[in-house]
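Nothing in this text is a laboratory measurement; each read-out follows from the coordinates by a stated rule. Keep in mind the model is a prediction, meaning the values are calculated, not measured. Neighbour counts run over all protein chains shown; Cβ positions are idealised from the backbone, glycine included.
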Amino acid sequence: MKRIAIVSGASRGIGRAIAETLIDHGYYVVGMDLEPLSWGSVEQVLSISVDVSDRDRVSEAIAEVRAHFQRIDVLVNNAGLTRDALLENMCDEDWQAVIDVNLKGAFLLTQAVAPQMMEQGYGCVVNIASIVGLDGNIGQSNYAASKGGLVAMSRSWAKEFSRKGAQVRVNCVAPGFIETEMTANLPEKVSEQIKVRTPLKRMGSTDDIAQGVLFLASDKSSFITGQVLKIDGGLVL
Ligand code: NAP
């Protein structure tokens, strides 16, 4: 039987690459996005429209997955957004939007899948954090707080879920700068500076991140929990 993996924000960018890689490796994917997915066949992926920051919709969506499959093997909390501004210019709305999706969204989805994973005694949660959550970044107070908080929550969950001997693991992937729509609007000067500062001298690809997630979702990482895997070309050492 195929393993069931939920991927939030699977419509494009990193989330789509993660979903497609998991499908290529024999998983059945449930994509959770604001809009129905425009890719994938019903044999590969079930698309459920969910705003991950909406508790009621998240509960309904996870109940639907449990009723349909009776198991959830992997949850990838990938949905995320940025609303950048320098500290003095950051408004409450931009602060809250980023915290609601990046931090609360992961909290709600993980809280909703936890009972199923604990019941199975098995499961993997992979949270897509960011090197910005570890190292900070100018103009990203909200984003850095959300991703740093995600790392701290992941470590708490790694401890919490392993009580009673359950093999429920929680890890983070912290991407560096990856070529997606999120980074497409960076001024060329900034993206050139990033490449110069990165030891491996390039931006990352969505596949670079998907391969890390695949490893952390699989039994090949069965003794790894509570960790942060930086995939950033060596930018933050
Ligand atoms: P992206 O291209 O902007 O895609 C973001 C995804 O999140 C989209 O699928 C979007 O769905 C979904 N999403 C946004 N708000 C949502 C909500 N309320 N409910 C459900 N889904 C929602 O971003 P990306 O670059 O692939 O980034 C993916 C993850 O990697 C994010 O968590 C991001 O913070 C992290 N990351 C990215 C980079 C980078 O350099 N790109 C670096 C470090 C970390 P719609 O299509 O429906 O809008």
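Observations, loosely collected:
- Ranked by how many other beta carbons lie within 10 Å on average, peptides 98-106, 169-177 from highest: 169-177, 98-106
- Spin-label pair L87/A63, simplified geometry with 7 Å Cα→Cβ offset, distance in nm: 4.4
- Across segment 1-49, the volume of the C-alpha convex hull divided among the residues equals 59 Å³ per residue.
- Computed [θ] at 222 nm, deg cm²/dmol, the chain (DSSP H ≥ 4; -39,500 (n - 2.57); rounded to nearest 500): -13000 deg cm²/dmol
- Distance violations [Cα-Cα > 20 Å] among K147/K230; K147/K220; K147/K189; K104/K147; K147/K195: K147/K220; K147/K189; K147/K195
- In this Cβ point-charge picture (+1 for Lys and Arg, -1 for Asp and Glu), segment 4-231 has a dipole of about 940 debye about its Cα centre.
- Per residue, the convex hull spanned by the alpha carbons of segment 4-231 comes to 119 Å³.
- Under 5 Å from the amide H of V125 lie the amide H atoms of L75, R169, V170, N171, each residue being 5 or more positions distant or on a separate chain, with H modelled from the backbone and absent for Pro and chain starts.
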